[in-house]
Every structure is written in structure tokens, then in C-alpha cells.
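The values are calculated or read from the model by the stated rules, or taken from the named source; none is laboratory data. The structure presented is a predicted model; accordingly, all values stated were derived computationally and were not measured. Reconstructed Cβ throughout: ideal geometry from the backbone, glycine too, with neighbour counts over all protein chains shown. With ligands, DNA and RNA removed, areas are computed over all heavy atoms of the protein, side chains included. Shrake-Rupley method; radii C 1.70, N 1.55, O 1.52, S 1.80 Å.
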Amino acid sequence: MKTYWLLNDQLHRNYLKNIKKNKDHVLFIEAYDHFHQHSYHKQRIFFLIAAMRNFANDLKKNGYAVTYIKAATIEEGWSSFIADQNNSETIISMPVDYNQRQKIQQLMQSETTVTFSHNENTKGNFMFSEDELLDMAKNSKTQESFYRKARIKTEILIENKQKPVGGKWNYDTLNRKPAKNITEKPGSLPVYSLNRISKDALSDCQARFQETPGKLDSLHLPLTRKDALDFLDNFIENRLAGFGPYQDAMLSGHPFMFHSLLSAHLNCGLLCPNEVIQKVLDAYQNESIPLSSAEGFIRQIIGWREFVRAVYLQQMPEYLMLNYFDHQHSLPDFFWTADTELHCLAETLQDVLTFGYSHHIQRLMVLSNFANLIFVKPSILSDWFNQMYTDSWDWVVVPNVIGMSMYADGGLMATKPYISSGKYIQKMSNYCINCRYDPAEKTTPDACPFNSLYWNFISRHKEKLQNNPRMNLILSQWGKMDQKTQAAILEKASAIQQSFFPKDF
Ligand SMILES: Cc1cc2nc3c(=O)[nH]c(=O)nc-3n(C[C@H](O)[C@H](O)[C@H](O)COP(=O)(O)OP(=O)(O)OC[C@H]3O[C@@H](n4cnc5c(N)ncnc54)[C@H](O)[C@@H]3O)c2cc1C
Ligand code: SF4
């Protein structure tokens, strides 16, 4: 008998392509050590446990022989499996996360009674196999060049083998509209009732994980493959057209905007990128969405998602510890409570605590931007993102934090640091209207803290920034400010830093 061992981020039949239903076996181990790796948000733990149990049950209903083991550790689960089963060969796909991969590799090496084989025939829940991916990434210096290669290789939105449909590779100029331009606000998400398996998973999580952050009272993600497919259709029908123009916009009371919320499903495998992209292409071909929305969304999946996976596979484990600006602060406590007067942060953090979710621009330009401006150590921010989101996996968090958000790799992934003053947040959102701070002020008592912190960052790191042509304009603006203004800004920034980190001053 052969056993196909599926990990908790491999919940897709792609991993079972060569299985012989009447002879082979599928193994799941629900190992609690995984959930203690970080003090994870309750919704992440619940989502993964419920998704895995439902997926195992679906397989059983479809005639697969399934063993589902609950254990304190993955090693304990494995030992109890081999003690009970007449298993001659176990087939496994390597997880992408570094620590998980190390663990599985150690287990494979120490095992003497069972042969392990790599499941080489599958791309699993990615567009490319690991070899294909690393080959494409080898000669792609930027995300944009990787993305174009990926489009050509997959022939997605490509004509005559090489040319982008519509003549352009991206439609960012049409896609960066601020919240104030929105004429029709995003609608609410569909609601899925919990089946018996999900209800049991919920009670287990409520009993076991009382101390971890986040809340379990606003469950918003579907937990079965059937509901996930319906959720995907709902996105295509109701939000995808708005995704293109408003992907960077932020609106109070609308945590999900026109985003898909598909990352948790893509990352655990309940949905596969190919099927998501096919539905987007169908909608574009039926003329229900414009090319700018189709291209903008597809770029996130075949461009960004695959690109960050390549960066992670190429750069770990050293990547996590990079710290180009040598920032050493921890995170202020309000990252776990949302108790702050900075309204953009309070609202975003409240969304994170309630849903284990915020969208990309909130992650990048509100939370990470602020953390960078107050000199938080990148690996500490990475741990926080790993902890707090339903879609978090190390392979996707680490490049997004270390490379994209914090520029801690000195420019390997991003062409410039993603930092901004309050002006950007004011332009892209309506958060500032309800804030006690004034985004137009830099040094007055009510001045938006992002403003002085931003210039303080530029001043502190000007040597490291001056070799980057994309920073020239901003450095020259700082240089042109008179000394009195500069001094007042730096003094204000220092007072703000001191209020967050009194022990360091
Ligand atoms: C600091 C930071 C931390 C992040 N942490 C995670 C994480 O833990 N897990 C995660 O899946 N994504 C992460 N991202 C990427 C991105 O923000 C999320 O994928 C996205 O917000 C998920 O929401 P959505 O499904 O509504 O995405 P949409 O906006 O609808 O985008 C569609 C899909 O594109 C993919 N995608 C888009 N951008 C990225 C990106 N930069 N990297 C990888 N995939 C991308 C996701 O699969 C996403 O579901 C992070 C980004 C930043 C800046
Ligand atoms: S004024 Fe500043 S702190 Fe307040 S919401 Fe706007 S950007 Fe955020």
C-alpha cells in the first residue's frame, strides 16, 4: 500500500494525481505543534483545522481511503500512523515553509521502516513546479521581468506567443484610484453556515486556544471546497470589476473593499491558482470585466505570489535576519490591541483582530510603513504578520515583510522603500477625516505622526538612500528645507518615538 501524506497547506486533489483509489491511502496529521510555532490568531488556527477536516471528509465521501490523526506533534502523529498501518511507501510533497521543510526532511531521514518518495508530478497549489519557478527566477532581476516571463510561459493574456493582449503589460495608470472616486460602495460578503465538522472544529479551537490573539465571533471564510468555489464565483461576479481601479483604496468600515479574500484558500490548497485565473479569464472574455481588472488581478497571482515564493526559496534562511537600515525597535503594544489614536492604524488593526485580515495596501502602506518609520526590527514585524493573519505562511510573509515592506534586503526585491507621509494615506483613504491628527501638519501638537516620522527616516538614512535614483527627488526636498524646519521636524519625530519606546531614550 502507498500512502499520500497531505500537509495542512496541501488540501487539493492536484496532490493526488497519480493515486490509485482502490489501493492507496491518504494521510492527514493534525499536529498541534504547528499551531504553537507562533501565537497564531484564533481564526488562522480555526480556518486551517476546519479546512483540513472538511477536505479529508470530502475525500472519504468520494471513495478515498483516508486516515486522519490528531497529535501533539507531527512526529508523534507519524509514529502512531506507522505503528498501525501496513505502509510500504509514503509519498509527500515538500512544504515551502523553511521550518516545516526541515522538520519533514529530518523525519524522512530518521525513518527506517518506510520508503519516502517526493511527489514530483505536481505543482500543487502553485502555477509552477519548484524547478520551473527557480529556473524562471534565476534571470529575473525584478518582479516585473519575472511576471512577463510567467505570462509568456503560461500564455495567459498573450497573443502571437510574445505580445501582451491589449498592447500593454500593465494598467497601473487606470488602477490606482483613491477611495473618494468610488461611486458604488463594495457589497457584503456571502455567508456560509458551519456544517457539523466545522462546528466541532470551532468548539475544539475555543477550548484549546483561548490565550492566542484575535476573535472567533466574525467568521467570514468558507471552509469547504464547495463553498470556496462559490466564494470565488461571488468575487468574480460582484467585486472583480472594482478590484482593478480600487485595489489601493481604503475606506472606513469596508475592510474587504473589492479584494478577493482568496489568499487563505490559495495558500492551504482549497483553491488552486489555475482555476482562479481561468474564471477571471472567462469573465474578461464574456466582457463582464475590463482588461485592466483582469490583468491587475492575474498579476497578483502569477506575478507577485509566485515571485515571492521564488525569493523565499532562493534566500532562506538568511533572508529573515536581513536588516539593511539596522532598525532595532520592537512593536508598540497597540499592534495587539488596536488601542491607538492614529485612526488609520486603529481601524486596520481592529480589522486584523476581528478577521485575521487586512488588504494589501493596509498591510504595506499603513502597518508596515508605520513600523518602518518607527524603526521596528524587520524580523519582529515578520513574526507579527505570521502570527496575525489567516493567510499567513512563512514563505509569503517573509519576502513581503523583509523585502517588499521593510526594504531590509537593501533592494533585492523592491526598487525603493515603501514609505510615505500621512499624505499618501489621506489621498488613498477616508481615514484622516475621523482622526484627531491633521495630515497637513508636520510639527504642531495635532500634526499627523507619519509626517515627521517620514522626514526623520529620510534624514537618518540619507547615506543609504542616496545611491537610489528613485529617492533623489525626496532627498533633494529634504535638503532644500531650511535648518529650523528640519530641526523642528526631527524634534517632533524624536518626541513621537519616545512616546512609543520610553526605555530607549
Ligand atoms: C507586509 C505584508 C504581509 C503579507 N502577508 C501575506 C501573507 O501572510 N499571506 C499572503 O497570502 N499574502 C500576504 N501578503 C500579500 C498580500 O497582501 C495578500 O496576499 C493579500 O492582501 C491577500 O488578500 P486577498 O486575497 O484579498 O488578495 P487580493 O488583493 O484579492 O489579491 C489576489 C491574490 O493575489 C495574491 N497576492 C497579491 N499580492 C501578493 C503578494 N505581495 N505576495 C503574495 N501573494 C500576493 C494573493 O494570493 C491574493 O489572494 C502580504 C503583503 C504584505 C505587504
Ligand atoms: S491623520 Fe495621520 S494618523 Fe490620522 S488617519 Fe491620517 S494618516 Fe493616519
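Taking a Cβ cut-off of under 15 Å around THR112, the surrounding Lys, Arg, Asp and Glu residues balance to a net charge of -3, with basic ones at +1 and acidic ones at -1. Put simply, the amide H of ALA447, placed in the peptide plane, has neighbours under 5 Å in ASP438, leaving out anything fewer than 5 places away on its chain. Estimated from helical segments only, the mean residue ellipticity of the chain at 222 nm is -13000 deg cm²/dmol, where each DSSP H run of four or more residues counts as -39500 (n - 2.57). Select from HIS38, GLY167, GLN466 the residue farthest towards the positive end of the dipole of the chain; place +1 on Cβ of Lys and Arg, -1 on Cβ of Asp and Glu, and compute about the Cα centre. Of the candidates, GLY167 comes out farthest on the positive side.
Taking the Kirkwood radius as Rh and the Cα radius of gyration as Rg, the chain has a ratio of Rg/Rh equal to 0.97. Within the shell of other residues whose beta carbon sits under 13 angstrom from the beta carbon of PRO178, the net charge comes to +4, with Lys and Arg scored +1 and Asp and Glu -1.
Neighbours of ASP9 by Cβ distance under 11 Å: Lys/Arg scored +1, Asp/Glu scored -1, total -3.
Taking the accessible area of the chain, probe 1.4 Å, and keeping the other protein chains in place, the carbon and sulfur fraction comes to 47%. Between amide H atoms placed 1.01 Å from N, distances below 5 Å from LYS2 occur with HIS25, all of them 5 or more places distant or on a separate chain. Each residue of the stretch 248-264 is assigned a 3J(HN,Hα), and the resulting list reads 9, 7, 10, 9, 3, x, 10, x, 9, 6, 9, 7, 7, 6, 9, 4, 4 Hz, derived from the Karplus form 6.51 cos²θ - 1.76 cosθ + 1.60 (θ = phi - 60°), x at Gly and Pro. Looking at the chain, the DSSP beta bridges with both ends there are about 10 percent antiparallel.
Computed over Cα pairs, the Kirkwood radius of the stretch 115-218 leads via Stokes-Einstein (1.002 mPa s, 20 °C) to a diffusion coefficient of 110 µm² per second.
Orientation-averaged projection of the stretch 333-504 equals 9.9 nm² [convex hull of Cα atoms, one quarter of hull surface area].
Give the separation of the Cα centroids, the stretch 401-429 to the stretch 5-76, in Å. So the separation of the two Cα centres works out to 36 Å.
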